[in-house]
Amino acid sequence: MDLWFIILVTLSVAALLRATLNLLSSSSSSSSSAAKRKSLPPGPPAVPVIGNFLWLRKSFAEIEPVLRSLRARYGPMITLHVGPRPAVFVASQALAHEALVHRGALFADRPPPRPTDRLLSANQHNVSSSSYGPTWRLLRRNLTAEILHPSRLRSYSRARAWVLDILVAELKSQPGGVVQVVDHFQYAMFCLLVLMCFGDRLEEKQIKKIEEAQRRLLLGFRRFSVLSFWPRVSKLVFPKRWKEFYDLIEYRNRVLVPLIRARSKAKQEQLNKVKEDENRGDWIVSYVDTLLDLELPGEKRKLEEEEMVSLCSEFLNAGTDTTSTALQWIMANLVKYPEIQERLYDEIKSVVGQGAEQVQEEDLQRMGYLKAVVLEGLRRHPPGHFVLPHT
């Protein structure tokens, strides 16, 4: 215990000395650097080193109410020292549009990743963290053109019907009374994304295992954020937490890598089958299929397994909670405003008929009010309140 106390005191003294030296050196820097620092938007005063550690008590979800109070005091652009570098938050739609649309080329890059993020993303090999350049353009184009393109989305119609059956069965299995639909929405969306990612209808046990691996990393976000501050020091102070973090990454790899290998083998067998009879059958292109074909520009190599794990993990995380949250808010508003629910039900009956058990996807094009309800739900309750960081 005494040894740890001495270590912590030594680290604190070293941190304060370093901060003091940084302040002294910054005061003697060039006038251009000083002007650059002064150009940062206003924000609450930051205490060197200590200010950073104070923010570790709050998760990212808790920053939003803090920003509301700071916006009233400092204006629509606020500088917060929430990490090793200052972060500028833009709380104005007009300013965000000016920065990201009119001047998008200036803010197209991503900030340097934190050590934990670098490990999670296999050294920035995913769309959300990759630096702006040929690799980012390749990964983004592959996702939008090969998976999210309207023609490709239509090919997943059977998958959506399968997931809808799962959702209905889950809801019917619940006892009478109040049903917490958000968990069922999340599971149904996760089933769909797993099928789109790996191309197979996996058993419930496998899907739950993938969901567990993803969820454990997400829930540990706040717990592991402390590891990104001075990683060399945190490895001495929090060795068990670092081990836990590495174990979770390894567990995710053990769960996803066999699925990637199985899909690679199935794809090769399908290619051989097509060469023989020129019939693709009911083969559906999955996200992993497209990743297996990619070649990184500059490096002239295929993606490694850990890099594909990072991309698959990003794909599964990005669509599950956002969609289920949006559906939860829409359903809540239908309960709160029964007149909207009644009008929507009347539209469905008029389009599909009184005796129809399901709404077909082709019927959706004739349901203007349903589309309006969905869009209004997204406007009033956007599932995400922050965009990805830009620099």
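Tabulated values for the structure
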quantity	calculated
Candidates Leu378, Leu327, Leu311, filtered to the one that is surrounded by 12 or more Cβ atoms within 10 Å (Cβ to Cβ), within 20 Å of Arg160 (Cα to Cα), within 18 Å of the chain's Cα centre (by Cα) and touching a residue at least 24 places away in the same chain (Cβ under 8 Å)	Leu327
Selection from segment 96-138 of residues that are exposed (fewer than 13 other Cβ atoms within 10 Å of the Cβ) and either aliphatic (A, V, I, L, M) or part of a strand (DSSP E or B) (or both)	Val101, Ala105, Leu106
Residue that is nearest to Arg379 (Cα to Cα) [pool: residues in segment 344-362 that are in a helix (DSSP H, G or I) and in contact with a helix residue (DSSP H, G or I) (Cβ under 8 Å, 6 or more places away or on another chain)]	Leu344
Residues within segment 148-202 that are under 30 Å from Leu292 (Cβ atoms) and assigned to a helix (DSSP H, G or I), tallied	28
Test for Leu378: is it within 20 Å of Glu64 (Cα to Cα), aliphatic (A, V, I, L, M) and either assigned to a loop (DSSP other than H, G, I, E, B) or modelled with pLDDT under 90 (or both)	no
Residue among Val274, Val257, Val285 that alone is modelled with pLDDT of 95 or more and in the same structural domain as Ser313 (by TED's automatic domain parsing)	Val257
Among residues of segment 145-189, those that are closer than 24 Å to Gln360 by Cβ and touching a Ser or Thr at 6+ places or on another chain (Cβ under 7 Å), counted	3
One residue from Asn126, Asn142 being under 19 Å from Leu311 (Cα atoms) and in contact with an Asp or Glu (Cβ under 6 Å, 6 or more places away or on another chain)	Asn126
For Glu211: the one exception among (1) surrounded by 17 or more Cβ atoms within 10 Å (Cβ to Cβ); (2) farther than 16 Å from Ser313 by Cβ; (3) not β-branched (Val, Ile, Thr)	(2)
Close pairs from segment 223-242: first within 22 Å of Pro112 (Cβ to Cβ), partner of a type in the set (Ser, Thr, Tyr) and crowded, with 17+ Cβ neighbours inside 10 Å, Cβ under 6 Å, at least 6 apart	Phe224/Thr116; Leu227/Thr116; Leu227/Ser234; Ser228/Thr116
Condition broken by Gln341, with the remaining ones in (1) exposed (fewer than 12 other Cβ atoms within 10 Å of the Cβ); (2) not in a loop (DSSP other than H, G, I, E, B) satisfied	(1)
Selection status of Lys336, closer than 24 Å to Gln180 by Cα and exposed (fewer than 14 other Cβ atoms within 10 Å of the Cβ)	yes
Subset of segment 229-253 (residues that are surrounded by 12 or more Cβ atoms within 10 Å (Cβ to Cβ) and charged (D, E, K, R))	Lys235, Arg241, Glu244, Arg252
Every residue from segment 340-358 that is in contact with a Leu (Cβ under 9 Å, 6 or more places away or on another chain) and closer than 22 Å to Ala159 by Cβ	Gln358
Residues of segment 37-77 classified as modelled with pLDDT of 85 or more, among the charged types (D, E, K, R) and either out of contact with any strand residue (DSSP E or B) (no Cβ under 7 Å at 6 or more places or on another chain) or part of a loop (DSSP other than H, G, I, E, B) (or both), total	2
Filter pass, Val373 being surrounded by fewer than 11 Cβ atoms within 10 Å (Cβ to Cβ) and touching a Leu at 6+ places or on another chain (Cβ under 8 Å)	no
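Condition check ((1) over 20 Å from Tyr156 (Cα atoms); (2) more than 21 Å from the chain's Cα centre (by Cα)) across all residues:
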| position | (1), (2) |
| --- | --- |
| Arg261 | yes, yes |
| Lys267 | no, yes |
| Asn272 | yes, yes |
| Trp283 | no, yes |
| Ser286 | no, no |
| Leu296 | yes, yes |
| Leu303 | yes, no |
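The values are calculated or read from the model by the stated rules, or taken from the named source; none is laboratory data. Note that the structure is predicted; figures quoted are calculated from it, not measured. Don't worry about glycine lacking a Cβ; one is built from the backbone with ideal geometry, like all the others, and counts go over all protein chains shown.
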